[in-house]
Amino acid sequence: MVITSRQRTGMTRAAAAAAAALSLVLVPTHHVEAAGAALPLGDADLPEARSTQSLADGVTLTRIVRGTEPAPADQINTTPRGPWVVNVLTIDPHKTRGHLEATYGPDLAKTEPVTDLVRSSGALAGVNASFFTFTASEQYPGDPVGLGLYGGKLLSEPTTDPTEADFVVDSKSNRALMGRLKWSGGVQNRKTRAALPLEYVDHPPVVPADCADLTDQTQCTTPGDVVRFTPEFAGSTPSGNGVEVVLDRKGCVVRTSGTRGTQLAAGQTSLQATGRDALTLLQVAGEGCVNTTSRLTDEQGRELPMSSGLYGVTGRYRLTAGGKVVVPPGSGSFFDRNPRTIAGTTRQGSIVLATIDGRMVTSVGTTMDETAAVANALGLDDSINLDGGGSTTLSVKGDLVNQPSGPIRSVGDALVFVDHR
């Protein structure tokens, strides 16, 4: 299940500082993790079978099958008899020699199958992660809808959508946090001190409708978008009406253009603006140098230091928080039974990635309420719902483990476990 439209608003410190920031949110306890409890799905008398295999030190894969009879094709969304097929990847940070990270393939704007992302990153296993633009007509289908944080580089800012749920992990400690992150950014001329807020990172700006025919966007009086682009986005920046200012690694202007679209060299970034903001950008950047700010904070307003080990992806809806089910009530196709992908942590700090196959007579999928109940039964104190539907994929060593609801889908990014430091 993907979101087909963006819903957005609009430094470097030590890795130890990042781990400290995450520890403010996750406080380890000494409770024993839930093990073997039957999944609260369907009728209580359904048979349930489990099998677990060790993939590496501290890493296990458990397959849970609840129910034995195929569902009637016309009752997939309503039957209390299942069946359900759930695959659970559990990573114990106290025993593993590896780490969890996020990866997106050749560039941020492309999509790749999870199997390819696992294989190309040299990972042991992985699942699909963020919601992404997806629409086939889009030029940049892999563009994340929300947070995209990779190796300490913020390549997509979190949205202000209240349903958003972010998953952030410090790969150096395998400590994770979940919640709604906030972002703010801006540029300021070092000499004149003129400033302009940034609205997006690596997201094609929109030209105001009433200025769509204006080749010279500096003549537009309607506010537009101001976006920072990195070389990781795509082979070239989005083209179209507006202005673009290319900066070197020191933040000094390399060139300006009255239209958008260029190739960025290593170390370069660019600023694009449309509408009334096009003129403002030229005034702020001029021919000098600018300072660019980018600040990511957690729900308590604490800044997340951008260390090289920090990764983050976006989901939709918290499932559990502090050991309690928190998914809100809802209706419509998103809340109906669908394939699901879950990311979460247990009280002891283990990281769990799980997939639930769906939309098939062999596994009917789960509603949002059922998904939260599964997360809770798996012992996840904190968990979020990642992209699901046709995107739901679990791969081990590049091989497909679960059964997607259709042909394997290319996705924007993935959470992958790499079995070494």
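Checked against (1) farther than 22 Å from THR346 by Cα; (2) out of contact with any helix residue (DSSP H, G or I) (no Cβ under 9 Å at 6 or more places or on another chain); (3) part of a loop (DSSP other than H, G, I, E, B), GLY406 passes all but condition (2). One residue is enough: does the range 73-87 have a residue meeting the conditions of a type in the set (Phe, Trp, Tyr) and in contact with a Phe, Trp or Tyr (Cβ under 9 Å, 6 or more places away or on another chain)? Checking the range 73-87: not a single residue is of a type in the set (Phe, Trp, Tyr) and in contact with a Phe, Trp or Tyr (Cβ under 9 Å, 6 or more places away or on another chain).
For the range 356-381, filtering for residues that are assigned to a loop (DSSP other than H, G, I, E, B) and either surrounded by 23 or more Cβ atoms within 10 Å (Cβ to Cβ) or in contact with a Ser or Thr (Cβ under 7 Å, 6 or more places away or on another chain) (or both) leaves 7.
In the range 277-316, the residue that is farthest from GLY151 (Cα to Cα) out of those that are basic (Lys, Arg) and surrounded by fewer than 17 Cβ atoms within 10 Å (Cβ to Cβ) is ARG302. The set of residues in the range 257-281 being of a type in the set (A, V, I, L, M, F, W, C) and either outside the structural domain of ASP216 (by TED's automatic domain parsing) or not in a loop (DSSP other than H, G, I, E, B) (or both) consists of LEU271, ALA273, ALA278, LEU279, LEU281. Pairing residues of the range 216-228 that are crowded, with 22+ Cβ neighbours inside 10 Å with residues that are part of a helix (DSSP H, G or I), at Cβ distances under 6 Å and at least 6 apart in sequence or on separate chains, gives GLN217/ALA278; CYS220/CYS211; GLY224/ASP277; VAL226/ASP277. Scanning the range 195-215 for residues that are surrounded by 15 or more Cβ atoms within 10 Å (Cβ to Cβ), among the hydrophobic types (A, V, I, L, M, F, W, C) and either under 19 Å from PRO158 (Cα atoms) or in contact with a helix residue (DSSP H, G or I) (Cβ under 8 Å, 6 or more places away or on another chain) (or both) gives LEU196, LEU198, VAL201, VAL206, VAL207, CYS211.
Here's the yes/no breakdown for (1) closer than 22 Å to ARG180 by Cβ; (2) of a type outside the set (S, T, N, Q):
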{"residue": "ILE342", "(1), (2)": "yes, yes"}
{"residue": "GLY349", "(1), (2)": "yes, yes"}
{"residue": "THR371", "(1), (2)": "yes, no"}
{"residue": "THR392", "(1), (2)": "no, no"}
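Residue by residue, here is whether (1) at pLDDT below 95; (2) crowded, with 21+ Cβ neighbours inside 10 Å; (3) within 22 Å of LYS397 (Cα to Cα); (4) not aliphatic (A, V, I, L, M) holds:
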residue: VAL114; (1), (2), (3), (4): no, yes, yes, no
residue: VAL118; (1), (2), (3), (4): no, yes, yes, no
residue: THR133; (1), (2), (3), (4): yes, yes, no, yes
residue: ASP143; (1), (2), (3), (4): yes, yes, no, yes
residue: LEU147; (1), (2), (3), (4): no, yes, no, no
residue: SER156; (1), (2), (3), (4): no, yes, no, yes
residue: VAL168; (1), (2), (3), (4): no, yes, no, no
residue: SER171; (1), (2), (3), (4): no, yes, yes, yes
residue: LYS182; (1), (2), (3), (4): no, no, no, yes
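Among the residues of the range 387-396, some residue qualifies, meaning at least one is over 18 Å from the mean Cα position of the chain (by Cα), in the same structural domain as VAL127 (by TED's automatic domain parsing) and either part of a strand (DSSP E or B) or of a type outside the set (S, T, N, Q) (or both).
The values are calculated or read from the model by the stated rules, or taken from the named source; none is laboratory data. Quantities reported herein were computed from a predicted structural model and do not represent experimental measurements. We place every Cβ from the backbone using ideal geometry, glycine too, and count neighbours over all the protein chains shown.
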